[in-house]
1. Can you tell me which residue in segment 1-27 is farthest from LEU99 (Cα to Cα), limited to those that are modelled with pLDDT of 95 or more and among the charged types (D, E, K, R)?
2. Just for segment 104-124: of the residues that are exposed (fewer than 15 other Cβ atoms within 10 Å of the Cβ) and in contact (Cβ under 8 Å) with a residue 60 or more places away in the chain, which one is farthest from THR28 (Cα to Cα)?
3. So which residues in segment 20-45 are exposed (fewer than 14 other Cβ atoms within 10 Å of the Cβ) and either among the acidic types (Asp, Glu) or within 29 Å of SER105 (Cβ to Cβ) (or both)?
4. Quick one: is ARG71 within 11 Å of the chain's Cα centre (by Cα), open to solvent by 30 Å² or more (accessible area, probe 1.4 Å) and either touching a residue at least 24 places away in the same chain (Cβ under 8 Å) or more than 18 Å from SER123 (Cβ to Cβ) (or both)?
5. Return the residue satisfying two criteria in turn: it lies in segment 74-103 and is of a type in the set (S, T, N, Q) and surrounded by 17 or more Cβ atoms within 10 Å (Cβ to Cβ), and of such residues it is nearest to GLU44 (Cα to Cα).
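The values are calculated or read from the model by the stated rules, or taken from the named source; none is laboratory data. These numbers were taken from a predicted model, which means no experiment stands behind them. Don't worry about glycine lacking a Cβ; one is built from the backbone with ideal geometry, like all the others, and counts go over all protein chains shown. These area figures cover heavy atoms from the full protein model, side chains too; ligands, DNA and RNA do not enter into them. Shrake-Rupley method; radii C 1.70, N 1.55, O 1.52, S 1.80 Å.
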Amino acid sequence: QVQLVESGGGLVQAGGSLRLSCAASGDTICISAMGWYRQAPGKERELVAAITSGGSTYYADSVKGRFTISRDNAKNTVYLQMNSLKPEDTAVYYCYADLIAGGSSCRGPAGDYWGQGTQVTVSS
């Protein structure tokens, strides 16, 4: 019933930019927070950035000043603008949504949902 669809990954040279998008769909869902994790070969999955429906943001130290997360609550969509990309940013990026239930407007399911992942490759 709930689906997260990611887009925007690709191949870019060091110093370039990419913009990732993630759209959540479902019947009468409410999202408390969305964010992006990434996982590179041989490394653990790490939280890159997150944003709440109220607009509070979090960034990993490694991306502060280079990445910007934003959201469109009406469209249940989160974006990650990635600037000044480095080869070490190469990873599969996974979108995450924390769904909540309750109240007249949040009758959908609650829980954690994940996108399929999108590959970001930064060449030197």
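1. In this case the residue turns out to be ARG19.
2. SER124
3. SER25, ASP27, THR28, SER32, GLU44
4. Numbers: within 11 Å of the chain's Cα centre (by Cα): yes; open to solvent by 30 Å² or more (accessible area, probe 1.4 Å): yes; either touching a residue at least 24 places away in the same chain (Cβ under 8 Å) or more than 18 Å from SER123 (Cβ to Cβ) (or both): yes.
So ARG71 passes the test.
5. Going through segment 74-103, the residues of a type in the set (S, T, N, Q) turn out to be 76-77, 81, 83-84, 90.
Narrowing further to those that are surrounded by 17 or more Cβ atoms within 10 Å (Cβ to Cβ): 76-77, 90.
Values: ASN76: 27, THR77: 26, THR90: 13 Å.
The residue in question is THR90.
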